[in-house]
Amino acid sequence: MDDLKKKKISPKFSLLLEKLNKASEKKQMSLLLDHPWDEPIEGVWLKKRENIAIYGTRYYDMASEEERRLLSVYETGAWWYTFIVFENLVSEYYMKIINHGTLKKFPDVVTYMHHFCKEEIVHAMVFRKAMTHFKITPFPIALNLREIYSHNAAMSEFPLKAVYLTILIEWLAENNAMEDCNDKGISVLSRAIAVEHHKEEARHIEWGKNMIREFIDIVPEFIKEAQEITAPMIRSMLDMAVSSLVVYARVGFENRAFRDYNQLITTVVNSENRKKINAVIIAPMMRYFVELGICDPENAENMKIWKENGFEEDVKEAVEYFKRKTDKDLDIDNVMNKNYN
Ligand SMILES: [Fe+2]
Ligand SMILES: [Fe+2]
């Protein structure tokens, strides 16, 4: 950790921290004021039809219109609940890092982490309120989120891996949410929950991405480990989004075909529609992995992991992107540059 003692933050990262801290001071999400909480709940879709798990498969035709709508409610509710658990864990863990003093040499980083934690606490309250509003009760959590912070981040070390795992979840979840809600036909409240959340999450994600860029050299073992764990983790998160048995059980489909869960899950996970959605979610993340060498197309051992987890095409796309990229394409995939309002 001697390198950490000598470490000076780059001007580029300093500038970003200043911008992030100002943005968080200027406007933060309000539990009471930023969402249309009076929206009635009857008959609303919480995500768009094209993104429910069964869309584009034979199961879609076997379901009634009300069952499809309920699927949109419970799939969204399952994500909201995942957000609640994750946001509780991350704010607790980041506060612990702040209090431990690991990052005290970098006061602007610490200031932003304070904003980050406060924002996550409010997000979790908003998601909880949304679940209550739509009468959705909690779900079991498919990913073992708890282990992310308990196994992977000893307090004495620089918390780079924990920051990295945090952005993997935040970035994938955000891309997913923005895809799901990018439609005027869905509940105004559900859309507001996604869009308002995104405004603050975009900052969290850019902060995390740049923490890794900035401190990657401080933790020499980081890159090798990231090369090993990223693809399986991304795969499990993508598949988790469409394979919750509790979600299907709650909808309570009439048609008996829905009771063969193995068949159902295999079909939705591998559907062409889902592959298309996944490709959109993953594209900017893959470019980041290639940029940092977390995905290394020249390294056969590493490519084996990406291929085994079904990302061969996504890697190719990213590599092609960098071949086309010119020096004018600066700051690519900055999440904060997207406007979903
Ligand atoms: Fe959040
Ligand atoms: Fe966040």
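Structural remarks
- The test for being out of contact with any Phe, Trp or Tyr (no Cβ under 6 Å at 6 or more places or on another chain), within 30 Å of SER10 (Cα to Cα), of a type outside the set (Lys, Arg) and surrounded by 17 or more Cβ atoms within 10 Å (Cβ to Cβ) does not hold for PHE258.
- Only listed residue being within 16 Å of ligand 1 (Cβ to nearest atom), of a type outside the set (Phe, Trp, Tyr) and not in a helix (DSSP H, G or I), chosen from LEU20, LEU46, LEU89, LEU31: LEU31
- The set of residues in the stretch 320-341 being assigned to a helix (DSSP H, G or I) and closer than 23 Å to ASN210 by Cβ consists of TYR321, PHE322, VAL335, MET336, ASN337.
- Members of the stretch 196-222 found to be touching a residue at least 12 places away in the same chain (Cβ under 8 Å) and away from ligand 1 (no atom under 14 Å from the Cβ), listed by number: LYS209, ASN210, MET211, ILE212, ARG213, GLU214, PHE215, ILE216, ASP217, ILE218, VAL219, PHE222
- Sole exception among (1) under 18 Å from ALA249 (Cβ atoms); (2) of a type in the set (Val, Ile, Thr); (3) away from ligand 2 (no atom under 15 Å from the Cβ); (4) part of a helix (DSSP H, G or I) for THR111, by number: (1)
- Options TYR55, TYR74, TYR60; residue that is surrounded by 13 or more Cβ atoms within 10 Å (Cβ to Cβ), away from ligand 2 (no atom under 16 Å from the Cβ), part of a loop (DSSP other than H, G, I, E, B) and of a type in the set (Phe, Trp, Tyr): TYR55
- The one condition from (1) in contact with a Lys or Arg (Cβ under 7 Å, 6 or more places away or on another chain); (2) surrounded by fewer than 18 Cβ atoms within 10 Å (Cβ to Cβ) that ILE216 does not meet is (1).
- Flag if PHE116 is touching a residue at least 40 places away in the same chain (Cβ under 8 Å), buried (at least 20 other Cβ atoms within 10 Å of the Cβ) and within 19 Å of the chain's Cα centre (by Cα): yes
- Picking from residues in the stretch 77-102 that are more than 19 Å from the chain's Cα centre (by Cα), away from ligand 2 (no atom under 16 Å from the Cβ) and touching a residue at least 40 places away in the same chain (Cβ under 8 Å), the one that is surrounded by the most Cβ atoms within 10 Å (Cβ to Cβ) is THR102.
This table checks each residue for (1) closer than 19 Å to ILE265 by Cβ; (2) of a type in the set (Ser, Thr, Tyr); (3) at pLDDT 95 or above.
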| residue | (1), (2), (3) |
| --- | --- |
| TRP37 | no, no, yes |
| PRO40 | no, no, no |
| ASN51 | yes, no, yes |
| ILE54 | yes, no, yes |
| THR57 | yes, yes, yes |
| ARG68 | yes, no, yes |
| LEU71 | yes, no, yes |
| GLY77 | yes, no, yes |
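- Matching option when the condition is within 13 Å of the chain's Cα centre (by Cα) and of a type outside the set (D, E, K, R), among TRP207, TRP171: TRP171
- If you go through the stretch 131-149 and keep only what is touching a Phe, Trp or Tyr at 6+ places or on another chain (Cβ under 8 Å), at pLDDT 80 or above and either on the phi > 0 side of the Ramachandran plot or within 16 Å of ligand 2 (Cβ to nearest atom) (or both), you end up with nothing.
The values are calculated or read from the model by the stated rules, or taken from the named source; none is laboratory data. All figures in this text were calculated on a predicted structure; none of them were measured in a lab. Note that each Cβ is placed from the backbone with ideal geometry, even for glycine, and that neighbours are counted across all protein chains shown.
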